[in-house]
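As structure tokens, the structure follows; a few thoughts come after it.
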Amino acid sequence: MRVIIRPTYEEMSKEAALLVKDRMMKKRDFVLGLATGSTPLGLYKELIRMHKEEGLSFKNVKTFNLDEYYGLEPTHPQSYRYFMDTNLFNHIDIEKANTHVPDGKAEDVEKFCQWYEEEIKKAGGIDLQVLGIGGDGHIGFNEPGSSFNSRTRLVALDEQTIKDNSRFFEKIEDVPRFAITMGVGTILEAREIILLANGKKKARPVAQFIEGPITSLVTASALQLHPKVTVFLDEEAASELKRIDYYKFVEEAEKKINKKLF
Ligand code: PGA
């Protein structure tokens with residue numbers, strides 16, 4: 001796992017955007033896995049800037065989002081479809097038909113989840129998956145205890161997640177109790193993964209998933225099993241890591257030989 005630490009959220013977001021751009025430029029028909037939440041907003045802002053000022057095109061890109069609240073219409077201001085449209089898709093040259101967010105109103109959920117998995121396969125698999133991390137160490141909505149073999153499915157949200165996400169809703173009772181999420185197994189099949197985290201509140205889950213044991217109680221720790229993961233952190237989110245000096249040393253060493261590990 002490469003761990004990249006930057007002093008601020010803005011610098012962390014820009015660094016992550018450079019990696020996304022680099023990978024997009026290297027492959028035609030790129031398949032990008034996307035996340036919602038506060039964390040990737042800076043990354044999306046930078047990608048929009050790169051599109052407007054540097055000609056970064058999403059014309060041939062397909063996207064698959066990690067998750068969606070169950071029961072919310074795509075037009076609901078707190079739905080993840082709405083989030084993606086307003087914070088990224090409406091500002092770049094992507095074909096809306098090439099963007100996929102799980103359908104929170106799917107009637108036959110099981111069938112829908114199977115279809116979602118098949119669409120990812122049909123697209124050729126995810127080239128690069130963007131992740132955030134929950135206060136409880138989740139990736140997607142894979143709450144503590146989720147199997148590392150789990151696939152796209154309906155899940156019940158953890159109390160901590162409901163509390164964390166209530167900041168976006170008028171009252172905590174309005175937060176949906178269920179969601180559709182890609183599974184840990186689905187996420188691990190992406191060819192490359194980046195995880196972003198910022199702020200003091202993420203320091204503990206970040207230290208747990210990078211330096212702690214691999215356990216389904218911290219689903220992000222499954223990333224230790226993946227061969228190509230880069231973690232982008234600001235100083236606050238990195239503050240409980242024990243091996244910060246080593247991560248910084250590796251980055252310096254990469255610069256000296258003018259080559260990235262990947
Ligand atoms: P956040 O959510 O980016 O809003 O902190 C992250 C997550 O729950 O995965």
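So for segment 127-134 (the condition being farther than 13 Å from residue 180 by Cα, more than 11 Å from the ligand (Cβ to nearest atom), charged (D, E, K, R) and touching a helix residue (DSSP H, G or I) at 6+ places or on another chain (Cβ under 8 Å)), does at least one residue qualify?
Restricting attention to segment 127-134, the residues satisfying the condition of being farther than 13 Å from residue 180 by Cα are 127-134.
Applying the additional criterion that residues be more than 11 Å from the ligand (Cβ to nearest atom) yields 127-129.
From the residues that got through so far, the ones that are charged (D, E, K, R) too are 127.
Checking the rest, the ones that are also touching a helix residue (DSSP H, G or I) at 6+ places or on another chain (Cβ under 8 Å) come to 127.
Yes: one or more hits.
Of all residues in segment 190-211, exactly one satisfies the criterion of being more than 12 Å from the chain's Cα centre (by Cα), surrounded by fewer than 19 Cβ atoms within 10 Å (Cβ to Cβ) and within 20 Å of residue 34 (Cα to Cα), namely 191. The residue of segment 93-108 that is farthest from the chain's Cα centre (by Cα), among those that are crowded, with 18+ Cβ neighbours inside 10 Å and aliphatic (A, V, I, L, M), is 94. Which ones in segment 205-221 are within 13 Å of the ligand (Cβ to nearest atom) and over 17 Å from residue 149 (Cα atoms)? Within segment 205-221, 205, 206, 209 meet the criteria.
Looking only at residues in segment 51-71 that are surrounded by fewer than 19 Cβ atoms within 10 Å (Cβ to Cβ) and of a type outside the set (Asp, Glu), which one is nearest to the ligand (Cβ to nearest atom)? Spell out how you get there, then give the answer.
Narrowing segment 51-71 to residues surrounded by fewer than 19 Cβ atoms within 10 Å (Cβ to Cβ): 51-55, 57, 59-60, 71.
Going one step further and asking which of them are of a type outside the set (Asp, Glu), we end up with 51-52, 55, 57, 59-60, 71.
Details: 51: 22, 52: 24, 55: 29, 57: 26, 59: 28, 60: 28, 71: 18 Å.
Of everything passing the filter in segment 51-71, 71 is nearest to the ligand (Cβ to nearest atom).
Here residue 152 meets each of (1) polar (S, T, N, Q); (2) buried (at least 22 other Cβ atoms within 10 Å of the Cβ); (3) within 13 Å of the ligand (Cβ to nearest atom) with one exception, condition (3).
Considering only residues that are surrounded by fewer than 23 Cβ atoms within 10 Å (Cβ to Cβ) and outside any loop (DSSP other than H, G, I, E, B), look in segment 33-43 and name the one that is farthest from the ligand (Cβ to nearest atom). Here the residue is 42.
Laboratory data are not the source of any read-out in this text; all were calculated from the coordinates shown. Not measured: the values here are computed from a predicted model. All Cβ positions, even for glycine, are placed from backbone atoms using ideal geometry, and neighbour counts span all protein chains on display.
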